[in-house]
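Heads up: the structure comes next, in structure tokens.
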Amino acid sequence: MSIMDVLQRYANGGSAANPQTAEHFEAVAQQASPQDVAQGITHALRSDQTPAFGQMVGQLFGNSSQQVRANLLSQLISSVGPGLMGGLASGALGRVLGGLQSANTGARPAITPEQAAQVSPADVQEIAQHAEQHDPGVVDRVGSIYAQHPQAVKALGGIALAIALGHIANRNRS
């Protein structure tokens, strides 16, 4: 089955999630433009048919490499801003944030993979919820990060992947 055939199945929400959805997503992600994949993922992250953004980001974080975790966490922290970080600083996340605040020079925080490894998906879920409230554009940036890592996105499950594929299909039709 060609990529166009796969996309046609998902156009206009025509195909619900099925056992092959993860396979289809991976195949499309390898051939579609990174922008189309990012927008598809973003659409799924914003959908009212999927869990809340924070929950999905926590799930993505839990299924990502340490480097991707570090990139994601850096993005979320920069979206929350220094004013809200203090309220989130507990446990391992607090240790990571405390180190960043003392080294903060106004630039996007640079979380290392080692620091990201100390943070739990539940912590990331919490900061993602705050980040989305403070900076709704963070959803687009998370979609862009994960467009480069479709393996991790497959962890979101069939419904989210079907929504992403449907959005990619509809973009390619116009």
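Filtering the stretch 1-57 to residues that are modelled with pLDDT of 95 or more, assigned to a helix (DSSP H, G or I) and either farther than 21 Å from Val139 by Cβ or hydroxyl-bearing (Ser, Thr, Tyr) (or both) leaves only Thr42.
Please specify each residue of the stretch 60-71 satisfying the condition of being more than 17 Å from Gln118 (Cβ to Cβ) and surrounded by 20 or more Cβ atoms within 10 Å (Cβ to Cβ). Walk me through how you get there before you give the answer.
Pass one, the stretch 60-71, residues more than 17 Å from Gln118 (Cβ to Cβ): 60, 63.
Once the filter is applied, which keeps residues that are more than 17 Å from Gln118 (Cβ to Cβ) and surrounded by 20 or more Cβ atoms within 10 Å (Cβ to Cβ), the stretch 60-71 yields only Leu60.
The lone criterion from (1) in contact with a Phe, Trp or Tyr (Cβ under 9 Å, 6 or more places away or on another chain); (2) of a type outside the set (S, T, N, Q); (3) modelled with pLDDT of 95 or more; (4) surrounded by fewer than 22 Cβ atoms within 10 Å (Cβ to Cβ) left unmet by Arg141 is number (1).
Would the stretch 102-113 turn up any residue that is modelled with pLDDT of 65 or more, of a type in the set (A, V, I, L, M) and farther than 18 Å from Gly143 by Cα? Walk me through how you get there before you give the answer.
As a first pass, look at the stretch 102-113 and keep what is modelled with pLDDT of 65 or more: 109-113.
Right, trim to of a type in the set (A, V, I, L, M) and you get 110-111.
Within this subset, residues satisfying the condition of being farther than 18 Å from Gly143 by Cα are 110-111.
Yes, because at least one residue in the stretch 102-113 is modelled with pLDDT of 65 or more, of a type in the set (A, V, I, L, M) and farther than 18 Å from Gly143 by Cα.
The values are calculated or read from the model by the stated rules, or taken from the named source; none is laboratory data. Note that the structure is a prediction, hence the values are computed from the model and not measured. Cβ: placed from backbone, ideal geometry, glycine included. Neighbour counts: every protein chain shown.
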